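Structure record follows, encoded as structure tokens.
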Amino acid sequence: MSQNAVVNEQLLIESHYGVVVHRGFKPLYADDNYARYFGYQSGQDIVALSSLLPLIAPTEQSNALLAYEQVMAGKLQPGVRTYKNIDNQGHELIVLTVDHVIEWQGEKAMQVTIVDLSPQAETQRQLQASEERYRALVDGSIQGIFVHKNFRPLFCNKAYAQMLGFADEQALMEQHSILPMIASDHHLQAHKDNYQLLAGNKDFIKTEAQSIRFDGSPVWMSLLSRPIQWDGETVVQVTAMDITEQQLLRQRLEHRANYDGLTNVLNRRAAMELLGKHFAHAQLHGNPFCCVLIDFDNFKSINDRYGHHMGDEVLREFATHCKTSIRKNDVIGRWGGEEFVLIFPDTDLQHAATIAERICDGITRLRVSAGSIDIGFSVSMGVSSLSDETSTVEQLLSNADNALYQAKHQGKSRVVIAGEDIDVCAQFLR
């Protein structure tokens with residue numbers, strides 16, 4: 001990503017995000033939002049600093065340095081993390097970060113997007129207050145409080161009832177069990193946690209879980225559960241906080257870190273990470289595994305003749321077609337520019353070629369409208385598979401790339417298997 005691209009990207013980011021670019025924690029660029037988080041007037045004040053490390057809590061600096069070194073060396077994938085930061089007045093901030101390795105002025109650098117989670121962290125700290133505050137929390141608390149015996153309601157306050165979409169406490173108390181209001185994916189863990197608490201194996205359990213409101217809509221809750229005595233028997237008290245907005249924010253940040261903004265398929269970093277995981281699993285268990293490299297034919301002519309905005313439409317149309325043509329466990333990613341990759345776990349070479357052929361053939365019938373003109377396009381594909389001679393991901397990709405080169409050399413708009421020739425896509429006539 002170029003310097004201008006980074007600056008332009010900020011126009012798409014909501015105002016409560018902050019962005020900084022650094023190399024070895026030497027700031028290269030910061031926006032004003034980032035500066036204001038730390039008590040500075042503008043991004044230039046941040047760039048004037050000799051290092052960003054003083055903005056990180058001393059106890060976290062070694063972890064931040066290690067994470068930076070491992071990410072820049074390719075030993076650790078960029079991702080979403082939480083850190084304690086310090087502003088220029090010495091106040092502590094809890095921030096959620098998502099990092100990217102980018103190109104800045106011809107060299108690799110780290111771009112970090114941050115969100116201040118200090119208000120949520122403070123609320124979470126309050127949830128861990130001592131038992132003496134129990135009654136104060138009940139009386140008019142904005143935190144949800146719920147008491148149950150094996151998920152049968154014994155008590156709840158109004159805040160908890162309203163979190164789950166009930167008009168009042170009585171409406172929730174009339175339910176035979178709270179389990180139908182817990183997302184099915186969390187049922188097993190809910191039963192395990194309940195057993196641990198009632199058996200006395202745990203003093204408390206903190207977790208995050210998705211629940212289902214009375215109207216069927218989802219809600220994410222941060223839960224602090226502990227055993228208490230209720231009418232002479234051990235039951236479970238739950239203190240809950242609605243973290244739906246925070247969870248959605250985390251999901252948006254993770255999506256931004258892993259997906260291509262134009263085509264909404266995996267970006268190269270995320271696709272490469274999945275490719276490596278599937279490759280290692282296939283090697284370990286002796287399962288078949290294939291990948292396909294895809295490149296558009298004569299894509300430059302589309303951009304030159306119709307404009308880059310129509311080229312973008314073509315890429316989007318292609319990605320949509322591929323996503324509807326592959327199976328549930330298959331993966332598509334944007335490899336770069338007009339290049340894409342398909343990942344086929346548990347798939348032998350001939351089956352992978354058949355899917356690629358179907359996609360390739362279907363693409364020749366797609367059209368994107370440019371005013372009164374319908375634009376057609378085609379792609380070439382190279383297919384490779386895990387074999388005794390393919391011991392690394394790099395070899396797998398190299399074989400697919402060579403097959404793709406052969407497809408281009410043989411006339412384009414076709415699929416070629418590494419080591420074989422399969423001419424399956426009729427030449428597309430513009």
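Numbers for the structure displayed
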{"item": "Selected residue (only one of ILE94, ILE46, ILE56 is modelled with pLDDT under 90, in the same structural domain as ALA109 (by TED's automatic domain parsing) and hydrophobic (A, V, I, L, M, F, W, C))", "result": "ILE94"}
{"item": "Test: residue in the stretch 367-382 that is touching a Phe, Trp or Tyr at 6+ places or on another chain (Cβ under 6 Å), at negative phi, surrounded by fewer than 19 Cβ atoms within 10 Å (Cβ to Cβ) and modelled with pLDDT under 90", "result": "yes"}
{"item": "Matching residues, the stretch 71-103, being without any contact (Cβ under 8 Å) to a residue 24 or more places away in the chain and either on the phi > 0 side of the Ramachandran plot or under 20 Å from the mean Cα position of the chain (by Cα) (or both)", "result": "GLY74, LYS75, LEU76, ARG81, GLY90, THR97"}
{"item": "ILE145 vs. criteria at pLDDT 85 or above, in the same structural domain as ARG23 (by TED's automatic domain parsing) and not acidic (Asp, Glu)", "result": "no"}
{"item": "Selection from the stretch 400-430 of residues that are farther than 19 Å from CYS291 by Cβ and modelled with pLDDT under 90", "result": "ASP423, ALA426, GLN427, PHE428, LEU429, ARG430"}
{"item": "Test: residue in the stretch 353-368 that is part of a strand (DSSP E or B) and in contact with a strand residue (DSSP E or B) (Cβ under 6 Å, 6 or more places away or on another chain)", "result": "yes"}
{"item": "Residues of the stretch 20-43 classified as assigned to a helix (DSSP H, G or I) and either touching a Cys at 6+ places or on another chain (Cβ under 8 Å) or closer than 13 Å to ILE102 by Cα (or both), total", "result": "0"}
{"item": "All positions within the stretch 150-166 that are more than 14 Å from LEU223 (Cα to Cα), under 31 Å from the mean Cα position of the chain (by Cα) and in a loop (DSSP other than H, G, I, E, B)", "result": "GLY165"}
{"item": "The stretch 276-293, residues that are in contact (Cβ under 8 Å) with a residue 24 or more places away in the chain and not hydrophobic (A, V, I, L, M, F, W, C)", "result": "GLY276, HIS278, HIS281, GLN283, ASN287, PRO288"}
{"item": "Residue, surrounded by the most Cβ atoms within 10 Å (Cβ to Cβ), within the stretch 331-351, restricted to residues that are touching a residue at least 40 places away in the same chain (Cβ under 8 Å) and part of a loop (DSSP other than H, G, I, E, B)", "result": "THR347"}
{"item": "Enumeration of residues in the stretch 204-238 that are loosely packed, with under 15 Cβ neighbours inside 10 Å and among the polar types (S, T, N, Q)", "result": "THR207, SER217, GLN229, THR234"}
{"item": "Number of the condition not met by ASP297 [criteria: (1) of a type in the set (Asp, Glu); (2) farther than 27 Å from GLY79 by Cβ; (3) within 19 Å of the chain's Cα centre (by Cα)]", "result": "(3)"}
{"item": "Subset of the stretch 352-368 that is of a type outside the set (S, T, N, Q) and free of Cβ contacts under 8 Å to residues at least 24 places away in the same chain - its residue that is farthest from ASN264 (Cα to Cα)", "result": "ARG365"}
{"item": "Sole residue being surrounded by fewer than 20 Cβ atoms within 10 Å (Cβ to Cβ), free of Cβ contacts under 8 Å to residues at least 24 places away in the same chain and assigned to a helix (DSSP H, G or I), chosen from GLU273, GLU245", "result": "GLU245"}
{"item": "Tally of residues being surrounded by 13 or more Cβ atoms within 10 Å (Cβ to Cβ) and within 18 Å of GLU273 (Cβ to Cβ) across the stretch 71-108", "result": "13"}
{"item": "Some residue of the stretch 193-206 being assigned to a strand (DSSP E or B) and assigned by TED's automatic domain parsing to the domain that holds ILE145", "result": "yes"}
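Residues checked against (1) closer than 26 Å to GLY286 by Cβ; (2) touching a helix residue (DSSP H, G or I) at 6+ places or on another chain (Cβ under 8 Å); (3) not assigned by TED's automatic domain parsing to the domain that holds ASN298:
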position: MET310; (1), (2), (3): no, yes, no
position: ASP346; (1), (2), (3): yes, yes, no
position: GLN350; (1), (2), (3): yes, no, no
position: THR364; (1), (2), (3): no, no, no
position: ILE375; (1), (2), (3): no, yes, no
position: GLY382; (1), (2), (3): yes, yes, no
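The values are calculated or read from the model by the stated rules, or taken from the named source; none is laboratory data. Note that the structure is a prediction, hence the values are computed from the model and not measured. Neighbour counts run over all protein chains shown; Cβ positions are idealised from the backbone, glycine included.
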